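The values are calculated or read from the model by the stated rules, or taken from the named source; none is laboratory data. Predicted model, so just to flag it, every value in this text is computed and none were measured. Virtual Cβ from ideal backbone geometry, glycine too; neighbours counted across all protein chains shown. Calculation scope for accessible area: heavy atoms of the full protein, side chains included, ligands and nucleic acids excluded. Shrake-Rupley method; radii C 1.70, N 1.55, O 1.52, S 1.80 Å.
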Amino acid sequence: MVRETVRRHRGAHRPAALAAAVGVAAAMGAIVLSGPWDAGQREAERTRAAVAAGAPTGAWDTGTAGDRSGGSEPEAGPPAAAPPAGPVLEALGPRVIDFFPGAEPAPADRDRGVVGNPAPLDPASVLDPLLDDPALGTAPAATVIDLADGRPLYSRNGDRSMAPASTVKPATAAAALHTLGPDHRLITRVVLDPDRERVILVGGGDTNLAPRDLGRLAARTAEVLRERGVDAVGVGWDAGSDGTPSHHPIGVNHNIAPFTALMVNAGRLDDSTTGPAPRSADPAADAAGAFVRLLEAEGIEVRGSSAAPRAVPRKAEELAVHRSAPLSVLTEEMLTDSDNDMAESLARAVGEARGHGSGLTGAARGVTESLAELGLPMEGLRVTDGSGLDRSGRMTTDALVGLLALAADPARPELRSVLTGLPVAGFTGTLDSRYPDVGAGVVRAKTGTLTGVNALAGTVVDTDGRVLAFAFLTEGTTSPDAAQDALDRAAAALSRCGCG
């Protein structure tokens, strides 16, 4: 294989594109990098545990309009940086790097239980042979930087534009956090059309809306109706459609539901909450049908016993509202589980907020515009969707590490969940069953897989205790398992680098 490797070491000049993305971080001298843990749990996981225990969290709730005890928005304040990752990651357990030939632990490391801890190596000596693996297809791309000062440490085809698959999701998350803010919530509501004595269920793009959330909306709606002496209403629904295509370009697929702002559990037809699953052909109509049944169970007669699409009149009065978890939590969950439905919903919300509409084209324009505002290198970048399922999208590894540097910048705490949402090797999300021997706990990365495409982008702690950002993109792979294993070896090997 012809090797097209450009090595960047200490004292080397930065590529212009990367300098634009990491210049702020370099100027600061040191980054307070937010990690995935806060007293042992991510923010999203802590909030979910509190909700399961019945504790009030303010993360998501259902209430009536103006109900300060239930569904009210908390006062927004500047997002706070989470605790540093290093101390917790170091405490996860011994590092096992015995797959390196001839590796012998130093006496002090042997006493600490570290298996195979040779002298630190520079990234090029570690990555060059691993990226030459034929399993990685033709001319894989790779970029590595030091997040503490923005120094480029390694680049190989770093400016090559390639399909990112799901590694585009951190870009979608950053665009949403930048445009909407980390405290933004997706709102599902029920309004009353008084002229026609009809209630309308209005979707707000919350693909995580659960059956119990819909039940609470129905119960609160029935309660308000009874207070007004109303025991029979018509029911309509509004999914916020602007006439755009209802399906992702890949068509009907178990990986993603039809596009709509109103759905329950991402239109899944089974009890799953993540991963591929059979999907409803019309999630909005199914959600409205379920709402009708729940409303009837609450003692409200539904005229016609059905719901139909309806536009929300201007003078409609809000009866009940459900607010999702804050966007900072939604993006964490979206990244950890590689949630295609939430990614597309957030991209469409960005497009709509920026005045481009909520269709595919508007979403792509909105995300692209947001990334440019953030200062991300745009050369070679083409956004076509929010999830990465569309293989015509393009990113570079330079842009991917630049994005991680922006998320780590202490001047941009609103982007922090781009980092905290990355799956932790051997522990969470799409990396929970990977890295059984090497890299568990110290590699955190977003995965990406399409036919012939494998990608990985994230962070790793090296032997000096420094946090590196890396990105790998491949195309022309013939075995997804072999390519995945090769990328995992490369990411884990970076933990052996010494960059201090």
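Restricting Glu344, Glu352, Glu369, Glu414 to residues that are in contact with a Pro (Cβ under 7 Å, 6 or more places away or on another chain) and of a type in the set (Asp, Glu) narrows the list to Glu414.
When you look at Leu422, is it farther than 23 Å from Arg151 by Cα, touching a Gly at 6+ places or on another chain (Cβ under 9 Å) and either modelled with pLDDT of 95 or more or among the hydrophobic types (A, V, I, L, M, F, W, C) (or both), yes or no? Judged against the criteria, Leu422 is not a match. The residues of the range 432-449 that are over 20 Å from Thr143 (Cβ atoms) and of a type outside the set (Val, Ile, Thr), listed by number, are Asp432, Ser433, Arg434, Tyr435, Pro436, Asp437, Ala440, Gly441. Would you call Ser370 of a type in the set (S, T, N, Q), in a loop (DSSP other than H, G, I, E, B) and more than 20 Å from Lys446 (Cα to Cα)? Against the criterion (of a type in the set (S, T, N, Q), in a loop (DSSP other than H, G, I, E, B) and more than 20 Å from Lys446 (Cα to Cα)), Ser370 does not qualify. Taking the range 447-460 as the range and being open to solvent by less than 10 Å² (accessible area, probe 1.4 Å) and of a type in the set (Val, Ile, Thr) as the test, the residues that pass are Val453, Thr459, Val460.
Taking (1) surrounded by fewer than 19 Cβ atoms within 10 Å (Cβ to Cβ); (2) in contact with a Phe, Trp or Tyr (Cβ under 9 Å, 6 or more places away or on another chain) in turn, Ala141 satisfies each apart from (1). Considering Thr331, Thr361, the condition of being among the β-branched types (Val, Ile, Thr), within 24 Å of Ile256 (Cα to Cα) and modelled with pLDDT under 95 is satisfied by Thr361 alone. Residues considered: Ser161, Ser125. Of these, the only one that is free of Cβ contacts under 8 Å to residues at least 24 places away in the same chain and over 21 Å from the mean Cα position of the chain (by Cα) is Ser125. Screening Thr430, Thr449 for residues that are under 13 Å from Thr167 (Cβ atoms), touching a residue at least 24 places away in the same chain (Cβ under 8 Å) and in a strand (DSSP E or B) leaves exactly one candidate, Thr449. The set of residues from the range 176-214 being surrounded by fewer than 19 Cβ atoms within 10 Å (Cβ to Cβ) and closer than 16 Å to Arg303 by Cα comprises Pro194, Asp195, Arg196, Glu197.
Condition check ((1) in a strand (DSSP E or B); (2) more than 30 Å from Ser306 (Cβ to Cβ); (3) of a type in the set (D, E, K, R)) across all residues:
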site: Leu153; (1), (2), (3): yes, yes, no
site: Pro170; (1), (2), (3): no, yes, no
site: Ala173; (1), (2), (3): no, yes, no
site: Pro182; (1), (2), (3): no, yes, no
site: Thr188; (1), (2), (3): yes, no, no
site: Leu192; (1), (2), (3): yes, no, no
site: Arg196; (1), (2), (3): no, no, yes
site: Gly204; (1), (2), (3): no, no, no
site: Leu209; (1), (2), (3): no, no, no
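Would you mind finding the one in Ala405, Ala471 that is small (Gly, Ala, Ser) and either open to solvent by 10 Å² or more (accessible area, probe 1.4 Å) or in a helix (DSSP H, G or I) (or both)? Of the residues listed, the single one that is small (Gly, Ala, Ser) and either open to solvent by 10 Å² or more (accessible area, probe 1.4 Å) or in a helix (DSSP H, G or I) (or both) is Ala405. Within the option set Met334, Met263, Met342, being surrounded by 20 or more Cβ atoms within 10 Å (Cβ to Cβ), in a loop (DSSP other than H, G, I, E, B) and of a type in the set (A, V, I, L, M, F, W, C) holds for one residue only, Met263. Looking only at residues of the range 348-373 that are open to solvent by 10 Å² or more (accessible area, probe 1.4 Å) and among the polar types (S, T, N, Q), we find that the one that is nearest to Ala173 (Cα to Cα) is Thr368. Number of residues in the range 266-312 that are hydroxyl-bearing (Ser, Thr, Tyr) and crowded, with 16+ Cβ neighbours inside 10 Å: the value is 1.
The single condition from (1) surrounded by fewer than 24 Cβ atoms within 10 Å (Cβ to Cβ); (2) in a loop (DSSP other than H, G, I, E, B); (3) at pLDDT 95 or above; (4) not hydroxyl-bearing (Ser, Thr, Tyr) that Asp385 fails is (1).
Within the range 239-261, the only residue that satisfies the criterion of being within 17 Å of Ile200 (Cα to Cα) and in contact with a Pro (Cβ under 7 Å, 6 or more places away or on another chain) is Thr260. Taken over the range 474-496, the criterion of being of a type outside the set (S, T, N, Q), open to solvent by 10 Å² or more (accessible area, probe 1.4 Å) and in contact (Cβ under 8 Å) with a residue 12 or more places away in the chain is satisfied by Glu475, Gly476, Pro480, Ala482, Asp485, Asp488, Arg489, Arg496. If the condition is being charged (D, E, K, R) and over 30 Å from Glu197 (Cβ atoms), then the range 312-341 contributes Glu332, Glu333, Asp337, Asp339, Asp341.
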